[in-house]
1. Just to confirm the number: angle between the C-alpha axis of helix 88-104 and the first principal axis of the chain, 0 to 90 degrees, nearest 10?
2. Using only the Cα atoms, work out Rg/Rh for segment 1-57, with Rh taken as the Kirkwood radius, to two decimals.
3. For the chain, state the semi-axes of the equivalent ellipsoid (square roots of 5 times the eigenvalues of the alpha-carbon gyration tensor), sorted largest first and rounded to whole angstrom.
4. Quick one: accessible area per residue over the chain, 1.4 Å probe, rounded to a whole number of Å²?
5. Across bins of 10 angstrom width beginning at 0, how are the C-alpha pair distances of segment 55-125 distributed, in whole percent?
6. When the helices in the chain are scored as -39500 (n - 2.57) per DSSP H run of 4 or longer and the sum is shared across all residues, what 222 nm value do you end up with, to the nearest 500 deg cm²/dmol?
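The values are calculated or read from the model by the stated rules, or taken from the named source; none is laboratory data. Keep in mind that this is a model prediction, so the values were computed, not measured. Protein only, heavy atoms only, side chains kept; ligands, DNA and RNA dropped before computing areas. Shrake-Rupley method; radii C 1.70, N 1.55, O 1.52, S 1.80 Å.
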Amino acid sequence: MLRVEIITPDSTVYSGEAGSLTLPTAEGEITVLPHHIPLLSVLVPGTAIVRKGNEEFVFAVSRGVIEIDGTAVRVLADTADRLEQLEEAAIEKAKEAAEKLVNEKRSDTEGFIEATAILERELARLRTVRRHRASRSLPR
């Protein structure tokens with residue numbers, strides 16, 4: 001078993017044992033199993049899946065850092081939202097607002113970077129909900 005922690009600036013959203021952990025990285029999606037080689041990587045917006053026996057815990061994550069030491073994985077993310085807490089309609093509205101903000105901030109470098117990060121987070125949430133909605137019978 002792996003010791004897994006998913007931590008945001010606000011809280012620890014998951015802490016416990018797992019058989020595997022799938023994470024989005026800049027090089028593509030990776031799955032971490034017990035005794036994985038030590039690794040430090042960049043977390044990109046996407047879906048993180050913690051598997052423990054027959055259970056799956058799904059999170060929409062944003063940018064951050066992944067630290068693996070072979071027996072434990074620490075994911076430090078700007079945001080991590082449990083699938084069960086995500087509502088597609090609310091995410092669609094937030095995505096539209098972020099797209100508008102990106103267009104408004106094109107001439108403001110710092111504002112544009114921040115708006116782009118918000119848009120990436122909302123797109124990751126939307127992909128997570130759509131990818132897992134059918135298998136979980138989640139509300140739209």
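1. Between helix and principal axis, roughly 50 degrees.
2. Value, to two decimals: 0.94.
3. Largest first, the chain gives 27, 19, 11 Å.
4. Values: 7810 Å² over 140 residues.
Heavy-atom accessible area per residue stands at 56 Å².
5. Here the calculated profile for segment 55-125 is 19, 39, 28, 12, 2.
6. Result for the chain: -11000 deg cm²/dmol, rounded to the nearest 500.
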